[in-house]
Amino acid sequence: GSKLEDIIDGLKIKIDTKDMVYCDSDDEFYFMAGQLAYYLISQSEASNKNFGMFEPFLLAKNSNQLKRRLEEVFETYSHKISIGNIRFKNTMAMVMGYKTKTKITDEMKDLLIAGILSNNLLYNKKEN
């Protein structure tokens with residue numbers, strides 16, 4: 001829990017900035033990829049949304065495959081996302097710009113799932 005809190009606290013600041021942002025670790029990358037996957041899938045107008053919609057992300061074997069699947073879903077729902085959405089732009093830039101050779105196993109998959117299931121930072125109200 002504490003590790004996740006630390007990751008989330010750092011990311012809350014990053015996604016609201018107007019400066020260029022980067023993932024600082026594999027942990028941040030996989031958590032943010034999960035957040036991004038949730039946000040993108042939530043743009044769907046399907047009447048019966050379920051967790052099966054996340055299967056392509058959960059079956060990815062490495063970060064490049066995960067990024068390609070995020071890119072495909074982005075292309076599908078990009079018409080629903082405002083170009084002025086700073087949180088989305090920062091999150092997408094952080095995930096797409098990060099390079100890692102870490103395979104998606106055990107702890108990294110746990111962080112990806114935690115990112116999908118946690119309250120989504122892209123929807124949270126900005127704190128004053």
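The values are calculated or read from the model by the stated rules, or taken from the named source; none is laboratory data. Just so it is clear, the structure is predicted and the values come from calculations on it, not from any experiment. FYI the Cβ positions are ideal-geometry reconstructions off the backbone, even for glycines, and counts take in every protein chain you see. The area values use the complete protein model at the heavy-atom level, side chains included, leaving out ligands, DNA and RNA. Shrake-Rupley method; radii C 1.70, N 1.55, O 1.52, S 1.80 Å.
Charging the Cβ of each Asp and Glu at -1 and of each Lys and Arg at +1, and nothing else, the dipole of the chain about its Cα centre rounds to 360 debye. The portion of the accessible surface of the chain made up by carbon and sulfur, rounded to a whole percent, is 51 (1.4 Å probe; DNA, RNA and ligands excluded).
Based on the reciprocal of the average 1/r between different C-alpha atoms, the Kirkwood radius for the chain equals 14.7 Å. Note that the stretch 1-105 presents 56 Å² accessible area per residue, ligands and nucleic acids not counted, probe 1.4 Å.
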